[in-house]
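The values are calculated or read from the model by the stated rules, or taken from the named source; none is laboratory data. This structure is a prediction, so every number in the text was calculated from the model and none was measured. Neighbour counts run over all protein chains shown; Cβ positions are idealised from the backbone, glycine included. These area figures cover heavy atoms from the full protein model, side chains too; ligands, DNA and RNA do not enter into them. Shrake-Rupley method; radii C 1.70, N 1.55, O 1.52, S 1.80 Å.
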Amino acid sequence: LLQDERPDAVLVPNGLVTELGVFYKVARHLDLQAVTYEFNDQREQIWLVQNGIVMHQETDALWAAREKTPLTEDEREQIAALEDARTSAKKYGKGTRFWQDVASIGGEQLRETLGLDDCPVALLATNVLGDSLTLGRNAFASSMAEWITKTVQYFAKRDDVQLVVRIHPGERLMKGPSMLGVIEDAVPELPAHIRVIAPDEKINTYDCMDVAELGLAYTTTVGMEMAMRGVPVILAGNTHYRGRGFTFDPSSWDEYFDMLDRMLSDLPTYRLGKDQVEIAWNYAYRFFFDFPLPFPWRLMH
């Protein structure tokens, strides 16, 4: 069909998963102009990219243009209001979803709830396996599951630090393997200093951020939001905010484990400085408010 018709443009939702990914690849193979799109959580907005896969969330050009532009007071208030809504289990603007389904109780109350002691806490936040935001985003691991497996096995041998694993709540809406199973296979009998929060547990992820002194993320925005709070974050996936100046970005297993050893030996030294936190806030604003484009119709639900 594409060879016979040679359309001027091909419009493909998502551009990455199943038959949508196939159609996009074929269109580009035939050197046809292709636009991929997806909707974020805000109505009347769209993610849109020409001759690229929109779910890769490629923000290089946007960041190059806006990186040196300080946030205005209005912009700072906007991103602060969004973060407050995401933290407090409230909707924001014309949003269609709650980012948490339980109110915040604060870091100290969470420590008591999870039975955490005074040892440092590392927070590992997972993505949903097979979600289009994780596909093809491997940096040095062969998959997110492999990264989780080796990371949990590493922390199982270290009782000087507590590991909290937050399984993505979105797993409740999906069918398929859970990261709970991956962790059970990796370490069948978890030591007391590792706490795994199941997707259906009534725990606010942002409370976990409040007690974390180190963040571990694959592609989830939780990593970016931890950096906005000054928490040093090691990124294991090629996500859109990698290499922006506020995360630690290993490119091999050796580098990853060496980084863990060094940072866990002196966590206060690696706490992000004011300039790095400001970069994280600036980037977060650009991603949440500049990357989406105005679009009047929402083709969901």
Which of the residues spanning the stretch 259-284 are more than 18 Å from L123 (Cα to Cα) and surrounded by fewer than 14 Cβ atoms within 10 Å (Cβ to Cβ)? G273, K274, D275
Strands (runs of 3 or more DSSP E) (entirely within the stretch 1-101) containing at least 2 residues that are open to solvent by less than 20 Å² (accessible area, probe 1.4 Å): 10-13, 34-38
Mind checking which pairs have a first residue in the stretch 142-156 that is touching a residue at least 40 places away in the same chain (Cβ under 8 Å) and a second that is open to solvent by 40 Å² or more (accessible area, probe 1.4 Å), Cβ under 7 Å, 6 or more apart or different chains? M144/L129; Y154/F257
Select the helices (runs of 4 or more DSSP H) contained entirely in the stretch 137-251, then report the ones holding at least 3 residues which are under 30 Å from L16 (Cα atoms). 144-156, 179-186, 221-228
Looking at S251, is it over 27 Å from F39 (Cα atoms) and touching a residue at least 40 places away in the same chain (Cβ under 8 Å)? yes
Verdict on A103 being touching a strand residue (DSSP E or B) at 6+ places or on another chain (Cβ under 8 Å), of a type in the set (A, V, I, L, M, F, W, C) and more than 22 Å from L135 (Cα to Cα): no
Take the conditions over 21 Å from E77 (Cα atoms), in a loop (DSSP other than H, G, I, E, B) and touching a Pro at 6+ places or on another chain (Cβ under 6 Å) and apply them to P296. Does it pass? no
Residues of the stretch 227-248 satisfying the condition of being polar (S, T, N, Q) and without any contact (Cβ under 8 Å) to a residue 40 or more places away in the chain: T247
Taking only pairs six or more apart or across chains, which ones have beta-carbon atoms under 9 Å, a first residue in the stretch 14-34 that is under 11 Å from L2 (Cα atoms), and a second residue that is in a helix (DSSP H, G or I)? F23/L2; V26/L2; A27/L2; L30/L2; L30/Q3; L32/L2; L32/V26
If we scan the stretch 118-141, do we find a residue that is under 24 Å from P250 (Cβ atoms), open to solvent by 50 Å² or more (accessible area, probe 1.4 Å) and of a type in the set (G, A, S)? yes
Being charged (D, E, K, R) and within 24 Å of S143 (Cβ to Cβ) is the filter; apply it to the stretch 202-243 and report the residue that is most open to solvent (accessible area, probe 1.4 Å). R242
L116 passes all but one of the listed conditions (1) under 30 Å from P292 (Cα atoms); (2) touching a residue at least 24 places away in the same chain (Cβ under 8 Å); (3) not charged (D, E, K, R); the exception is number (1)
Does the stretch 170-178 contain any residue that is closer than 27 Å to K90 by Cβ and open to solvent by less than 60 Å² (accessible area, probe 1.4 Å)? yes
Which of the numbered conditions does G106 fail, given that it passes all the others? Conditions: (1) without any contact (Cβ under 8 Å) to a residue 60 or more places away in the chain; (2) over 19 Å from the mean Cα position of the chain (by Cα); (3) open to solvent by less than 40 Å² (accessible area, probe 1.4 Å). (1)
